[in-house]
Amino acid sequence: MSSSPTPFWRPDVHADRRPALLARGRIKAALRRWFEVRDFTEVEAAILQRSPGNETHLHGFGTTLIDNAAELHPYYLHTSPEFAAKKLLAAGETRIFDFARVFRNRERTALHHPEFTMLEWYRAGEDYDALMQDCAALMAEAARAAGAAALRWRDIEADPFAEPERLTLQEAFKRHAGIDLLRTVTADQELDRGGLAADAIEAGIRVAEDDTWSDIFSRVLSERIEPYLGRGRATILCEYPISEAALARPKPGDPRVAERFELYACGVELANAFGELTDPAEQRRRFEADMDEKERIYGERYPVDEDFLEALALMPAASGIALGFDRLVMLCVGARRIEDVLWTPVAEPGRGGA
């Protein structure tokens, strides 16, 4: 819903919003400079793609491309520049970033918007620990550009200049829910749904009969863990079970978990990072499993980008990350809703144009 019943284009509303919007511009310019001095190349991924992504709960906007012969082809607005960026890594790029406009359907809350800006960057030949260091540096850079001493959302604050806490999912589940998560995951990546359900119920978390292991995992994460992350300082939540890391490679030494981390500040998820999977056969298997689950839940599935799988075979070892730029701006200026830091929020249905 809109942050105000009054449209953003009313002069008095715009005057109230303008300081945050100007801060947004300063933050973007500062982050762009940060990347450029480190020899990153800015790229621009095409928004129209044959596949919007193949994660179970990700919903794309569909459209139609009409070719020169007047034949119709289904296309989508991308949900992330990830597939295009990885094709550029396969082509020979080594350090790239993109301030990408991306589109996700079925998402509109204080922290979600149908159209938003995702800052995505990749490092070929470097592991995902380098991305953790990037996150710490970029939060500080953004805060300085906004003139902010603290990141803030609602009544929660985090110091953007403090070293982020590092916490594994196993540690987080034990600390905040009293659950031994990896007891329910085998080395062959089999999931003990019954074991996790019993542990969740004992912890006082609702479990439905048709909940999958992933459903229970997500509910524990959202209800018992995420609200406590990034308080006082940012949290890097890492080592996700393989089943919850569709595009990440397994962590050396523990095949149950993947090289995936998420960055949180003030209880808000800011970024999602992978040590990138480069095995096309394994990636296809994961995509197809996720699309089978999507079809079961939502009655729809998206095509697999065959060019992406072909490029994956040429892609070097790399790490990559997607950061919600609008959310970072929100925390820097203390905004309560994502629409407060968007120049022209998407109109609500029934309210006319944007």
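Read-outs: derived from the displayed coordinates by stated rules, not from any lab. The structure presented is a predicted model; accordingly, all values stated were derived computationally and were not measured. Methodologically, a virtual Cβ is constructed for each residue, glycine included, from the backbone with ideal geometry; neighbour enumeration extends over all protein chains shown.
Things worth noting here:
- GNM result for the chain, Cα springs below 10 Å: residue of Gly275, Gly92, Gly60 fluctuating most strongly: Gly92
- Distance in nm between pseudo-label sites at Ala347 and Thr64 (7 Å out along the Cβ direction from Cα): 2.3
- Just checking the listed ones, Asn68, Asn272, Asn54: in the Gaussian network model of the chain with Cα springs under 10 Å, the one fluctuating most is Asn68.
- Given +1 at the Cβ of Lys and Arg, -1 at the Cβ of Asp and Glu and no other charges, the dipole of the range 178-221 around its Cα centre is 180 debye to the nearest 20.
- Modelled FRET efficiency - R0 41 Å, His14 with Ala198, Cβ distances, 0.05 increments: 0.15
- When +1 charges are put on Lys and Arg Cβ atoms and -1 charges on Asp and Glu Cβ atoms, the dipole computed for the range 221-354 relative to its Cα centre reaches about 600 debye.
- Residues of the range 172-201 with an amide N closer than 13 Å to a point placed 7 Å from the Cα of Glu293 along the Cα-to-Cβ direction: 190-193.
- Top of Phe287, Phe99, Phe61 by mean-square fluctuation, Gaussian network on the chain, Cα under 10 Å: Phe61
- Between the beta carbons of Asp279 and Arg26, assuming R0 = 45 Å, the FRET efficiency works out to 0.65 to the nearest 0.05.
- Our note on the geometry: Cα centres of the range 221-295 and the range 16-66, 20 Å apart.
- Longest DSSP-loop-exposure-free segment, GluC sites (Glu not before Pro), the chain, at most 12 other Cβ within 10 Å: 72-189
- Efficiency of FRET between Arg38 and Glu306 - r from beta-carbon atoms, R0 35 angstrom, step 0.05: 0.55
- Globularity ratio of the chain, using Cα Rg and 2.2 N^0.38 Å: 1.00
- Charge dipole (debye, nearest 20) of the chain; +1 at Cβ of Lys and Arg, -1 at Cβ of Asp and Glu: 1440
- In a fully extended conformation the segment linking His73 and Tyr228 would gain 51.3 nm over its present Cα-Cα distance, using 0.36 nm per residue.
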